[in-house]
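The values are calculated or read from the model by the stated rules, or taken from the named source; none is laboratory data. Here the structure is a predicted model, which means the values were calculated and not measured. Glycine gets a Cβ as well: all are built from the backbone with ideal geometry, and neighbour counts include every protein chain shown. All accessible areas refer to the heavy atoms of the entire protein, side chains included, with ligands and DNA or RNA removed. Shrake-Rupley method; radii C 1.70, N 1.55, O 1.52, S 1.80 Å.
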Amino acid sequence: MKPRLLLAFAVSAASLQTVSAADQYWNHSPLTSTWDAATVNWATTSGGTAANGWTGGNNAFFDQSGTYTVSTSGALTAGTINLAAGDITCAGSDGVKATTVTIGSDATVRGAADRFIGSGTTNLEVNGTLNLTTGSAGSNRTALTGSGTISNSNGSALRLTGTNVFSGNI
C-alpha cells in the first residue's frame, strides 16, 4: 500500500507547475500613452514591438529613453515596476498596486507618486530621481532604499512608515 501512495504523491508533485509573473516592456509608439488593461502598449522584450495589453500581476519595465507621460486608468496590479530609463511623468486617475517599485539611475520620475507608489507597495528603491509634484504621494510601508534624489516641488508628501536605509538626497 505504501509504494502506491508514494507513487501517487510523486506523480501529483511532478504535475505541479510554478507560475511566475512575466515581464512586460512599455513600448507604445509614441511612448506617451494610457496604462490600462486593454491598450496595446506592451512588448515581451526590451525594445520589442508593442503587441499586448497589460496582464495584471506581471512585472512592468519602463526602459525607453526619452520624455513621456504614462497615465494610469483602472484597477491595475503589477508584481514589480522597474522605471529604468527616461524622463517619465506619472499621471492619470488611478494608481497601480505593486509590491516593489524601482527607479533606476537613468530615470527621472515626476508627478503624483501615488500612481506608481500606492497602497500595497512594500519596497521603494530610488537610484534615479523621484520628483513629487502633486497631491498626496502615497506611502511606503516597508523599505526605502537607494542613493538617488527625492524632491518635492509642490507641497506633496511621501509618508515613510517602514525601515528606511535611503542614503540619497532629499
Check your understanding: When you look at Ser105, is it touching a Gly at 6+ places or on another chain (Cβ under 7 Å), surrounded by fewer than 19 Cβ atoms within 10 Å (Cβ to Cβ) and either among the charged types (D, E, K, R) or touching a residue at least 40 places away in the same chain (Cβ under 8 Å) (or both), yes or no?
Key -> yes
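So which of Gly104, Gly79 is within 20 Å of Thr145 (Cα to Cα), within 9 Å of the chain's Cα centre (by Cα) and of a type in the set (Gly, Ala, Ser)?
Numbers: Gly104 fails: within 9 Å of the chain's Cα centre (by Cα).
Testing whether each residue is within 20 Å of Thr145 (Cα to Cα), within 9 Å of the chain's Cα centre (by Cα) and of a type in the set (Gly, Ala, Ser) leaves just Gly79.
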Check your understanding: Can you tell me how many residues in region 115-154 are open to solvent by 10 Å² or more (accessible area, probe 1.4 Å), modelled with pLDDT of 65 or more and not in a loop (DSSP other than H, G, I, E, B)?
Key -> 11
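Considering region 78-102 alone, what residues qualify as being modelled with pLDDT of 90 or more and among the hydroxyl-bearing types (Ser, Thr, Tyr)? Full working, then the answer.
We begin by selecting, within region 78-102, every residue modelled with pLDDT of 90 or more; these are 78-89, 102.
If the condition is that a residue be modelled with pLDDT of 90 or more and among the hydroxyl-bearing types (Ser, Thr, Tyr), then Thr80, Thr89, Thr102 are the ones that fit.
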Revision key, fill the gap. Within region 52-77, of all residues that are modelled with pLDDT under 95 and aliphatic (A, V, I, L, M), the one surrounded by the fewest Cβ atoms within 10 Å (Cβ to Cβ) is Ala75
